[in-house]
Structures are given as structure tokens and as C-alpha cells.
1. What number comes out for accessible area per residue over the chain if the probe is 1.4 Å? Units Å², please.
2. Going by alpha carbons, how many degrees (0 to 90, nearest 10) lie between the helix axis of 116-126 and the longest principal axis of the chain?
3. In whole percent, what relative contact order does the chain give with Cα contacts below 8 Å and a gap of six or more residues?
4. Taking the Cβ of Arg210 as the centre, find all other residues whose Cβ is under 15 Å away and add up their charges (Lys, Arg: +1; Asp, Glu: -1).
5. Over segment 108-186, calculate the relative contact order: mean separation of alpha carbon pairs under 8 Å at least 6 apart, over the residue count, as a percent.
6. In a GNM of the chain with a 10 Å cut-off on Cα contacts, which of Leu172, Leu152, Leu204 has the highest mean-square fluctuation?
7. If amide H atoms are built 1.01 Å from N in the plane of the peptide, which residues on other chains or at least 5 residues away come under 5 Å of the amide H of Val149?
8. If you roll a 1.4 angstrom probe over the protein chains with everything in place, what fraction of the accessible area of segment 66-154 belongs to carbon and sulfur, to the nearest %?
Amino acid sequence: MVMRAALFDMDRTLVRKETASLYVRYQRAIGEASPRDSLRALYWVLQYTLSVIDAPEVAARVFAELRGKAEAPLALRCDDWFRRYVERHVCDLGRRAVEDHRARGELVAIVTGASAYAARPLARRLGIPHLVSSELEVDDRGLFTGKVVAPLCFGVGKVERAQRLANEQGFLLEDATFYSDSYTDLPLLELVREPVAVNPDLRLRRIARRRGWKIVAW
């Protein structure tokens, strides 16, 4: 019998907030971001909410700022950021859904457009062993090059990266459950057996209603 899987988006799904804006707040608190940086992040969050964001362009601009910086300190910083700014926003109903799927013997994974550094603390907190995320290129000195390893975990790229996990772990994406808030995740939502719209944006809500997909509020 083939194992089933439950896949969870992170922002506005397992976490009520959009985590990029929380990270900019953290940067401001430690003196590494300006009010202009905050406005830029809010603009991108608005684009994400309206499902009109050019994710590859935004990712290229954000990750380019990491060029030449060491990988290890970022991982430690994201642990501190999660504890101080993110953990309070983790959804109780999301935790319950994770536990319900785990209790049924299903593989559980986070599938997010965020980097592994941002998503790994949440995965550890919820005991989720599998993580599919955007990948940043690191050179042989342990320094970021400022580039993203293709494909970005967004849109059809998220499907490709999730398919790699399915191949490795022996489950079928077409038989999986996927929880997401965003219209931008439509390629994966359309592929799985059980798409669940969590706190959906307006475009996803319309599609979910029209197609009879489950809609939940966390």
C-alpha cells in the first residue's frame, strides 16, 4: 500500500502571518533594517495577498543581499527570529491538523516558497521531518552566492520540488492533501487529491468555492 502524504504551506497557513514582514520587523529591532525596508516588505506582502507578485524577481532581489555572507549565522539568527516573532503566530488548528495526519500514519511535510532557514524552526517546533523550500546557493567556503538554486519553490517550481520529495519518500502527489492560502499555489492544489484552502486569498476562495474544495479558517 502506497503511503499518503499531507503537505502544508507555511505563511498564512501554519503561521497566521506573512513571515517575510515579521523578519523585517526583527531586522529593525536589531538595527539592520530601515523604515524604507519595512515599506518595501509591506508592498511585497500586498502583492502576495493580491496574487500578483513576481516571486522570482523579488527572491532575486532579496537573496542578492546575502551575497558573501556566511550560511551558519543565518541559521542561528532564524532560530532567534522564530522564537521572538513567529512562534506566537503558529495556528493551533494547524498544529491539530498536522497531528491528525500523523496519527493516520501519513507522511507530513512543509512545502513553502520561503528558504529552509526560515522554515526549519517551524518544522522542528511541530515535529515535521520533511521540508520542501526554496534553496539558496552556497559556495565551497560556506558563503551565499546571492543566487537561488532553480527552481524557486513557487508556482510550478513548488510542484517540481514537491515531486522530488514524493519520489524520494514513495508517495503520490496525486493522492496527497495540500493546505494553502494562496492562489499562487494553484498548480499544486490542482494536482493533489485533497486541496484545502486555508484562510484563502480572494482569488483562491473563488476557485475553491466553484470547485467544491474544502475551505477552513485557522
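The values are calculated or read from the model by the stated rules, or taken from the named source; none is laboratory data. Note that the structure is a prediction, hence the values are computed from the model and not measured. No Cβ is skipped: glycine too gets one built from the backbone with ideal geometry, and neighbour counts run over all protein chains shown. Surface areas here come from the heavy atoms of the whole protein model, side chains and all, with no ligands, DNA or RNA. Shrake-Rupley method; radii C 1.70, N 1.55, O 1.52, S 1.80 Å.
1. Value for the chain: 50 Å² per residue.
2. Orientation of helix 116-126: about 50 degrees from the principal axis.
3. So the answer I get is 26 percent.
4. Every neighbour counted, the sum reads +4.
5. Across segment 108-186, relative contact order equals 24 percent.
6. Leu172
7. Under 5 Å from the amide H of Val149 lie the amide H atoms of Glu135, Leu136, Glu137, each far enough along the sequence or on another chain.
8. Looking at segment 66-154 in its full context, I get 50 percent from C and S.
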